[in-house]
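Trainee: Here it is, the structure, as structure tokens.
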Amino acid sequence: MRSHFRELIAQDRAKIEAKWLPSRNLSKPMTIAAPVKTQYEAVIGLETHCQLKTNTKVFCNCSTEFGTVPNTNVCPICMGMPGVLPVLNQKVLEYAVKAGLALNSQIAPFSKFDRKQYFYPDLPKNYQISQYDLPIAEHGWLEIELVDDQGNPIRKRIGITRLHMEEDAGKLVHAGSDRLSGSTYSLVDYNRTGVPLVEIVSEPDLRSGQEAAEYAQELRRILLYLGVSDGNMQEGSLRCDVNISVRPVGQAEFGTKVEIKNMNSFNAIQRAIEYEIERQIAAIETGDHIVMETRLWEEGSQRTISMRVKEGSSDYRYFPEPDLAPIEVSTEQVNQWRSELPELPAQKRHRYETDHGLSAYDARVLTDDRSVAEYFEAAIAANANAKQAANWIMGDIAGYLNTNKLSITEIALKPNSLAELIALIQDGTISGKIAKDILPELLTSGGSAKELVERKGLIQISDTGALEAIIEQVVTANPKELEQYRNGKTKLIGFFVGQVLKQTGGRADPKLTNQLLVKKLNN
């Protein structure tokens with residue numbers, strides 16, 4: 001992958017030089033020195049825009065429903081008509097404060113909204129209502145987990161600079177070319193204008209594409225656990241901008257920062273950062289100037305491309321929003337919202353490892369989706385063995401969910417029935433094979449695992465006398481295999497076990513069957 005990135009970087013560099021440096025001798029092909037990985041380190045921060053899951057927009061009563069007919073979820077307020085006044089949606093403030101608390105941030109007792117001059121066709125007011133110098137939350141952190149080369153978890157705390165509320169812009173649809181004039185044109189859908197957002201800005205604590213992708217995933221998990229966002233990256237509910245620079249290892253000063261806009265998948269975040277690290281290192285080593293700019297990730301060619309020179313805060317000409325009163329949040333209100341927070345993913349992971357003895361991997365998989373974690377905990381509450389419950393949920397049940405594109409809340413198998421199924425295996429009533437055989441029916445029809453086993457006559461045969469009689473029949477019926485076994489081909493034990501299971505319809509106790517067979521065959 002690194003050689004592929006270098007080839008793309010070389011092509012990009014040649015195009016840039018041909019455009020901006022025409023006087024330079026380009027007759028000789030440019031070579032890029034292979035970067036020494038240990039010479040440089042990346043400094044990465046993420047700005048994440050999260051759409052809040054409210055029914056109405058941030059300053060008006062228009063619906064936030066996704067996918068409706070363009071330009072129907074609009075009104076004079078979100079269209080910026082003269083004389084209208086915005087009113088803050090109380091739910092937006094609640095969700096923003098809860099997100100700030102979950103990110104271990106300090107909630108500002110006093111904050112305000114500002115006008116950000118933003119002259120784009122998808123903002124009909126020609127400014128965006130946001131928060132500038134007094135955001136609702138600051139100075140937080142979240143914990144990410146990585147795995148070292150030995151498979152051991154590594155935990156790292158990533159700082160959160162700020163979290164602030166703002167309204168979203170509309171959506172530009174680049175439609176193509178007009179047949180008559182031949183000119184290109186774009187269409188504007190204002191349905192998204194005024195949809196509530198929180199922007200979450202990290203500290204520049206990330207050092208790789210893998211760390212950045214894990215940070216974005218953990219942030220999404222937290223927001224989903226809170227229920228303040230649906231986190232749907234395909235629909236734009238969660239969008240990440242990456243700020244990245246490189247510097248020699250040991251240098252305190254940051255390099256020139258480049259922004260990559262609107263990453264909409266975790267894989268894209270990681271690949272874009274890996275490419276950009278290579279590109280910037282190559283530029284430094286060839287003496288080229290890195291421009292402070294905004295770039296886009298081009299999925300098809302797997303490279304970043306220049307979009308525009310980066311604006312600074314002075315370009316936006318912020319000033320306090322005159323149509324909205326400042327926000328005051330009392331300590332009592334903050335404490336009330338804090339008491340409503342659920343147990344968050346990192347807390348669950350630690351608890352599953354400590355209280356239930358699960359591996360870091362198992363804990364991570366089970367807590368990735370809150371509904372899966374709740375299903376697991378309900379099975380534990382019904383006295384299921386934690387490790388066995390985890391294995392069934394991450395194995396056969398997860399396979400069924402993936403195949404049928406279902407969530408765990410949509411299956412008929414309830415947690416108490418899973419606990420019952422596990423208990424039947426542990427007390428020897430049924431074998432693991434029988435459990436797997438009846439699982440599909442339980443998943444689709446539900447009901448009691450114990451009653452299903454009894455109704456189908458699937459109780460495991462654990463009677464020594466009964467099994468010895470069946471084994472005698474099997475051995476007598478296969479003299480050739482018996483002779484081969486006694487002549488040293490001991491792997492044929494599997495053949496005899498299979499024959500016993502076949503005769504018993506899979507109900508023979510596997511462990512006891514093996515013991516009795518070995519005794520019979522060796523005698």
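Trainee: So Ser359 ticks every box in (1) touching a residue at least 24 places away in the same chain (Cβ under 8 Å); (2) polar (S, T, N, Q); (3) surrounded by 12 or more Cβ atoms within 10 Å (Cβ to Cβ) but one. Which box is left unticked?
Mentor: Going through (1) touching a residue at least 24 places away in the same chain (Cβ under 8 Å); (2) polar (S, T, N, Q); (3) surrounded by 12 or more Cβ atoms within 10 Å (Cβ to Cβ) one by one, Ser359 breaks only (1).
Trainee: I've got another one for you. Do we find that Gly250 is assigned to a loop (DSSP other than H, G, I, E, B) and either outside the structural domain of Cys78 (by TED's automatic domain parsing) or within 22 Å of the chain's Cα centre (by Cα) (or both) in this structure?
Mentor: Here the answer is no, as Gly250 does not meet what is asked.
Trainee: Taking only pairs six or more apart or across chains, which ones have beta-carbon atoms under 6 Å, a first residue in region 192-204 that is over 17 Å from Leu163 (Cα atoms), and a second residue that is in a strand (DSSP E or B)?
Mentor: From residues that are over 17 Å from Leu163 (Cα atoms), the pairs are Arg192/Lys171; Gly194/Glu167.
Trainee: Check every one of the helices (runs of 4 or more DSSP H) wholly within region 317-412 and list those with 3 or more residues that are under 24 Å from Ala102 (Cβ atoms) and not charged (D, E, K, R).
Mentor: Answer list for region 317-412: 331-339, 345-356, 360-367, 370-381.
Trainee: Select from region 162-187 the residues that are at pLDDT 80 or above and surrounded by fewer than 18 Cβ atoms within 10 Å (Cβ to Cβ) and write down the one among them that is nearest to the chain's Cα centre (by Cα).
Mentor: Residues of region 162-187 that are at pLDDT 80 or above, as a first pass: 162-174, 184-187.
Subset that is surrounded by fewer than 18 Cβ atoms within 10 Å (Cβ to Cβ): 171-174, 184-187.
Details: Lys171: 24, Leu172: 26, Val173: 27, His174: 29, Thr184: 36, Tyr185: 35, Ser186: 32, Leu187: 31 Å.
Among those that are at pLDDT 80 or above and surrounded by fewer than 18 Cβ atoms within 10 Å (Cβ to Cβ), it is Lys171.
Trainee: Could you pull out the residue among Ile281, Ile305, Ile277 that is assigned by TED's automatic domain parsing to the domain that holds Lys112, part of a strand (DSSP E or B), farther than 30 Å from Asp133 by Cα and within 31 Å of the chain's Cα centre (by Cα)?
Mentor: That would be Ile305, the only listed residue that is assigned by TED's automatic domain parsing to the domain that holds Lys112, part of a strand (DSSP E or B), farther than 30 Å from Asp133 by Cα and within 31 Å of the chain's Cα centre (by Cα).
Trainee: Looking only at region 411-428, decide whether some residue is out of contact with any Gly (no Cβ under 8 Å at 6 or more places or on another chain), charged (D, E, K, R) and without any contact (Cβ under 8 Å) to a residue 24 or more places away in the chain.
Mentor: Yes - at least one qualifying residue is present in region 411-428.
Trainee: Could you check region 472-514 and list, in sequence order, the residues that are of a type outside the set (Lys, Arg) and within 19 Å of Thr429 (Cβ to Cβ)?
Mentor: Val500, Leu501, Thr504, Gly505, Gly506, Ala508, Asp509, Pro510, Leu512, Thr513, Asn514
Trainee: Determine whether region 221-229 contains at least one residue that is farther than 30 Å from Tyr95 by Cβ, assigned to a loop (DSSP other than H, G, I, E, B) and in contact with a strand residue (DSSP E or B) (Cβ under 8 Å, 6 or more places away or on another chain).
Mentor: no
Trainee: Further, regarding this structure: For region 422-442, give me each residue that is buried (at least 17 other Cβ atoms within 10 Å of the Cβ) and assigned to a helix (DSSP H, G or I).
Mentor: Ile422, Ala423, Leu424, Ile425, Ile434, Ala435, Ile438, Leu439, Leu442
Trainee: Moving to a separate point now. Would you say Ser245 is surrounded by 20 or more Cβ atoms within 10 Å (Cβ to Cβ), part of a strand (DSSP E or B) and hydroxyl-bearing (Ser, Thr, Tyr)? Write out each step before concluding.
Mentor: Working: surrounded by 20 or more Cβ atoms within 10 Å (Cβ to Cβ): yes; part of a strand (DSSP E or B): yes; hydroxyl-bearing (Ser, Thr, Tyr): yes.
When the stated conditions are applied, Ser245 passes them.
Trainee: Which count do you get for residues in region 495-523 that are of a type in the set (D, E, K, R) and either more than 23 Å from Ile459 (Cβ to Cβ) or touching a Cys at 6+ places or on another chain (Cβ under 8 Å) (or both)?
Mentor: So in region 495-523, the residues of a type in the set (D, E, K, R) come out as 502, 507, 509, 511, 519-520.
The next check asks that each one be either more than 23 Å from Ile459 (Cβ to Cβ) or touching a Cys at 6+ places or on another chain (Cβ under 8 Å) (or both); those that pass are 519-520.
Looking only at that region, the number is 2.
Trainee: Being hydrophobic (A, V, I, L, M, F, W, C) and farther than 30 Å from Arg364 by Cα is the filter; apply it to region 120-161 and report the residue that is modelled with the lowest pLDDT.
Mentor: This residue is Leu123.
Trainee: Return the only residue of Leu341, Leu324 being over 26 Å from Arg115 (Cα atoms), at pLDDT 95 or above and surrounded by 12 or more Cβ atoms within 10 Å (Cβ to Cβ).
Mentor: Leu341
Trainee: Could you list, in sequence order, the residues of region 66-87 that are surrounded by 16 or more Cβ atoms within 10 Å (Cβ to Cβ) and on the phi > 0 side of the Ramachandran plot?
Mentor: Of everything in region 66-87, just one residue is surrounded by 16 or more Cβ atoms within 10 Å (Cβ to Cβ) and on the phi > 0 side of the Ramachandran plot, namely Gly80.
The values are calculated or read from the model by the stated rules, or taken from the named source; none is laboratory data. This is a predicted model, so every value here is computed, not measured. Heads up, the Cβs are rebuilt from the backbone with ideal geometry, glycines too, and the neighbour counts pull from every protein chain shown.
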